[in-house]
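Pasting a structure below so you can have a look.
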Amino acid sequence: MDNFKQLNDSFGHSTGDNLLRLVAQTIKNSIRSVDLVGRLGGDEFAILLPETDYESAQTVLPKIHKKLLDSMKGSRWDITFSIGAVTFTIFPDNIDEIIGKTDNLMYSVKNSGKNMMKHEVLSK
């Protein structure tokens with residue numbers, strides 16, 4: 001989430017907690033039952049879409065992004081979403097590799113102006 005710290009500082013942690021619940025519920029309502037969503041901490045969430053190729057992810061991720069933005073419209077909160085996504089053609093050796101690659105892409109989005117998505121395919 002972009003600008004989460006400012007929201008928390010301006011409106012308090014109770015408002016921030018409500019926002020986190022809204023974001024988690026919006027993501028959960030936007031994915032399949034086999035997919036997983038979890039909060040990594042602070043303003044970061046991870047979504048695991050098993051057996052989803054690049055093209056399918058390119059379809060579903062913008063839909064999730066739009067639903068998140070739509071959920072913010074009525075709130076008057078200045079929250080947008082920077083998304084880093086990686087499709088692995090071969091499953092990585094460990095979870096740290098997955099998180100590291102997606103984190104780097106997400107920070108690249110944040111440094112490029114926020115509220116966008118970068119998605120790459122990685123093979124071993």
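No lab work stands behind these numbers, since they all come straight from the coordinates. Note that the structure is predicted; figures quoted are calculated from it, not measured. Neighbour counts are summed over all protein chains in view; Cβ atoms, including those assigned to glycine, are modelled from backbone coordinates with ideal geometry.
I want to check the label-to-label distance for A24 and K63. Put each point 7 Å from Cα in the C-beta direction and report it in nm to one decimal.
So the two model labels end up 2.4 nm from each other.
On to the next question. With an 8 Å Cα cut-off and a minimum separation of 6 or more residues, compute the relative contact order for the range 4-122 in percent.
The normalised contact order for the range 4-122 reaches 22 percent.
Report, to the nearest 10°, how far helix 95-111 tilts away from the longest principal axis of the Cα atoms in the chain, using its own Cα long axis and a range of 0 to 90°.
Tilt relative to the chain: about 50 degrees.
What do you get for trypsin sites (Lys or Arg not before Pro) in the range 1-45 restricted to DSSP loop and a cutoff of at most 16 other Cβ within 10 Å of the site's Cβ?
Qualifying residues, ordered by number: R32.
If you don't mind, another one. In straight Cα distance, which lysines are under 27 Å from K28, not counting same-chain residues fewer than 8 positions off?
By straight Cα distance, K28 reaches K5, K63, K66, K67, K73, K101, K110, K114, K118.
OK, next. Calculated from the structure, mean projected area of the Cα convex hull in nm² equals which of (i) 7.0; (ii) 8.7; (iii) 7.5?
Here the calculated entry is (iii).
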